[in-house]
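The values are calculated or read from the model by the stated rules, or taken from the named source; none is laboratory data. For clarity, every value in this text was computed on a predicted model and none was experimentally measured. Glycine also receives a Cβ, built like all others from the backbone with ideal geometry; neighbour counts cover every protein chain displayed. When the accessible area is computed, the model is the full protein with side chains, heavy atoms only, and any ligands, DNA or RNA have been set aside. Shrake-Rupley method; radii C 1.70, N 1.55, O 1.52, S 1.80 Å.
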Amino acid sequence: MTCIIIEDEIPAQNILKNFLKKLPDMELIATFKVAIEANNFLKSETVDVVFLDINLPDISGIDFIKTVKNPPAIIMTTAYPDYAVSSFELDTIVDYLVKPFSFDRFLKAINKAKDRLEVLNKTTADESEVLFLNVDKTLHKIVLDDILYIESDRNYITVVTTKQKLSYIDSLKNWKEKLPSNQFIQTHKSYIINRKFVDKISGNEIYVNSKRLPIGRTYKQELLLKLGIV
C-alpha cells in the first residue's frame, strides 16, 4: 500500500518512517509538515493511507479531512486522546493512534487500513463486472467474466456467455472500448474473445470454450503478445 505522512514534528515523523521500513508492503510516497501542501499533492496523486496528526499549523487534521474529495484511509496520530470519539464519526478514519504508540499498535492500524482497502476494491470490482443489456425491451444481466466472445454481423452484435446468447443493434468498436483490455482481445474484425476461455490456437483459428473462431491476419501478433506467447 502507498502512504503519506502529514506531521509537523520531526521526531514523530521519524517514528512513523522507522515503523514503515519494517513493512515491505508499505511504500512511503511523501512527508508533509503542513496540510495545505498535502492537499495540493492529493489533488493530483492518489495513495492508500494517510498518517495524519490532528494539531497542525494551518488547519486541524479533522478539518483537513473534510476538505479532501474521496479521501483515502486515514490513521490519526496525536498526543491528545480527547478527539477519538469525534474522529470516528468520519467514515474514512480507520484508526486513532495516541502518542507514544508501539509498533504492535501501529501494525494493528495498518491491518485495519488493509481491510478497508480490500472491501473497497471488492466493491469496485463487483460493480464493474456486471452490466445490463436492453434486448427486446428486456434488461438482461451480463457478468463480464462469463462472456465467451462477442460477434459482429453488420449492425448487430451477439454477446455469447456461458449462460446465454443475446443479439441486438450495436458495434464491436463500442464493446471494445467498454471491456477491460487485459482480459478481452479483438482477434478478428468481427470477434472479441475472453482470454479466460481460450482452449488452443491452430493456425489462423482460435478455440474459445470449444468454439472455433477465425483470427484476422492484422490481429494475430497482438493476440499472441497479450496471451504471452511471443
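Observations, loosely collected:
- Signed unit charges on C-beta, dipole axis of the chain, positive-most listed residue PRO214, LEU166, MET1: PRO214
- Whole-percent carbon and sulfur share, accessible surface of the chain, 1.4 Å: 49
- The magnitude of the dipole of the chain, with charges of +1 and -1 set on the Cβ of Lys/Arg and Asp/Glu and taken from the Cα centre, is near 1340 debye.
- Cut-off under 5 Å, modelled amide H: who pairs with THR77 long-range: LEU52, ASP53, ILE54, LEU97
- For the chain, DSSP calls about 65 percent of its internal beta bridges antiparallel.
- Taking amide H positions as modeled 1.01 Å from N, with prolines and chain starts lacking one, the residues under 5 Å from ASP58 and 5 or more places away or on another chain are ALA35.
- Each distinct pair of alpha carbons in region 1-76 adds a 1/r term; the inverse of their mean, the Kirkwood radius, is 12.4 Å.
- All Cα-Cα separations within the chain were binned at 10 Å from zero, giving a P(r) of 7, 26, 19, 13, 18, 14, 3, 0, each value a whole percent of the pairs.
- Cα-based helix-to-principal-axis angle, 103-128 vs the chain, degrees rounded to 10: 30
- Among ASN14, LEU224, LEU120 - extreme Cα towards positive end, dipole of the chain, charges at beta-carbon: LEU224
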